[in-house]
Amino acid sequence: MIPAVASTPSLVELEAVKIRALATGLRIEPDLLERLGGQEGLTVHEYATTGGITLELPHGMLVNAPFDAPYCATSDLLLRPDGDALVLEAESPAVRIPVRRVLPLPGYLGVLDAADRPVADTTMSHADRIRVSPIDGCAYDCDFCNVARLRYRERPLDQVLAGIEVAIADRALPPTHLLISGGSPSLGNARGQAYFRDLCVGVLRHLRGRTNPDGSPFEVDIMMSARPDGPAFVREMVAEGAAGFSLNVEVHSDEGAARHLRLKHRKSREHLGPMLEEAAALLGADTGRVRSLIIPGLETVEQTLAGVEWLAARGCSPVLSPFRPAPDTALETADPVSEADLRAVLDGTRAIVARTGVLLGPRCVACGHNTLGFPWDLPGWEAA
């Protein structure tokens, strides 16, 4: 029997629901799906780990869960109406969680900038963060990612800045910070490496001194692949105002990285450690400003936790980004990671970060919507 909606579900219940949503996705009652605008009104599959519906649950916890992937059809989690409210419920074990709100897609989808270029070609908002992707395509061929299938193209700085300004003005998803991300130029492409450096500097200078309505700084982080001049690059970007870095290990073991990262493992991995260490020296090892995604589900639990140890030893906050088989990737038909493995990775990672003093990232609550982290893992959290 499914229990009545609890006004304040326990943290244990919320963790179990998010773990299940990340592992199995969820189903949406058909009438509710239509009322919410259908699949097109809820998700855009522009990146492998962000397609899905984003829900705000009690205690400020956000979860981004797939709902339209084939494996979601057998999920025990169901999003359905309950009078004028929404609930997320499951039968085994029985749980029923009130949904505070469904986050919308950005209001600028389909909008053109002043030069008649689609804003979404470079810009996408998730929760309170803008992600800009200056490079279409990628020099690397990671089998869990869909970016490499795109034709390689570098967008001009003025297009990126125009998209940023549209996104900052968006009222559907008002942003408070920004992440520079997207594909990577090859290490042998000196012009492409210089382009990315100049693009980052241009964005940082454009937004320097910008503040949010509450007076807090509008911060810019950089997500990128490691490069031979990484420590010098980090120093320059920090001097220009970069607030943080996401330098992603993704798969730590040589065995798993050779299988899933391939070119990136062979070309870029050796440069990752020095970049992480330099960034942590400049921005602090206990601030969460230096983080690295690692993907549970692409190697064993023990190998993932060894990767977490490796990151923590370099002053880097691990971000647990559960594997999801995404459309237009080589692993599209693979099985998602299990709930049991996610629980084991979470428990092991919490022990490691408690011992080493780094944070379980990301440092932004909203940015954790598709990762295995929770508001109560961050310092200063108080129950809402």
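Note the per residue figure in Å³ for the convex hull of the C-alpha positions in the range 306-356.
86 Å³
Just how far, in whole angstrom, is the range 352-383 from the range 159-192 if you go by their alpha carbon centroids?
24 Å
Working out 0.36 nm times the residue gap between residue 351 and residue 383, then minus their Cα-Cα distance, what length gain in nm do you get to one decimal?
Taking 0.36 nm per residue and subtracting the Cα distance, the gain is 9.3 nm.
Run through the range 102-177 and list the trypsin sites (Lys or Arg not before Pro) located in a DSSP loop whose Cβ has at most 11 other Cβ atoms within 10 Å.
Those that pass, being in a loop and sparsely packed, are 151, 171.
How much length is gained on full extension from residue 333 to residue 76, taking 0.36 nm per residue of separation minus their Cα-Cα distance?
90.5 nm
Top to bottom by accessible area (1.4 Å), largest first, where do 287, 211, 50 land?
Sorted descending by solvent-accessible area, the residues read 211, 287, 50.
With N set to the number of residues, divide the alpha-carbon radius of gyration of the range 265-325 by 2.2 N^0.38 Å and report two decimals.
1.14
For the chain, what does the helix formula give at 222 nm: sum of -39500 (n - 2.57) over DSSP H segments with n ≥ 4, over the residue count, nearest 500 deg cm²/dmol?
About -9500 deg cm²/dmol.
Between residue 12 and residue 340, 0.36 nm times their residue separation minus their Cα-Cα distance comes to what?
Computed gain between residue 12 and residue 340 is 116.6 nm.
For the range 178-285, what is the Kirkwood estimate of the hydrodynamic radius, computed as the reciprocal of the mean inverse distance between distinct Cα atoms, to one decimal in Å?
14.8 Å
If I model a spin label at residue 143 and residue 115 as a point 7 Å from the Cα along the Cα→Cβ vector, what separation in nanometres do I get?
Result: 3.9 nm between the two label points.
Could you tell me the calculated FRET efficiency between residue 150 and residue 259, based on Cβ-Cβ distance and R0 = 22 angstrom, to the nearest 0.05?
Computed FRET efficiency for residue 150 and residue 259: 0.45.
For the range 301-384, state which GluC sites (Glu not before Pro) are in a DSSP loop and have at most 15 other beta carbons lying within 10 Å of their beta carbon.
Loop-located and lightly packed - 332, 382.
By its C-alpha gyration tensor, with a ≥ b ≥ c as the square roots of the eigenvalues, how is the range 105-244 shaped: rounded for a/c under 1.5, else prolate for a/b larger than b/c, else oblate?
It comes out oblate by the Cα gyration axes.
The values are calculated or read from the model by the stated rules, or taken from the named source; none is laboratory data. Note that the coordinates shown come from a computational prediction; the quantities given were computed from them, not determined experimentally. For neighbour counting, all protein chains shown are included, and Cβ atoms are generated from backbone atoms with ideal geometry for every residue, glycine included. These accessible areas exclude ligands, DNA and RNA; they are computed on the full protein's heavy atoms, side chains included. Shrake-Rupley method; radii C 1.70, N 1.55, O 1.52, S 1.80 Å.
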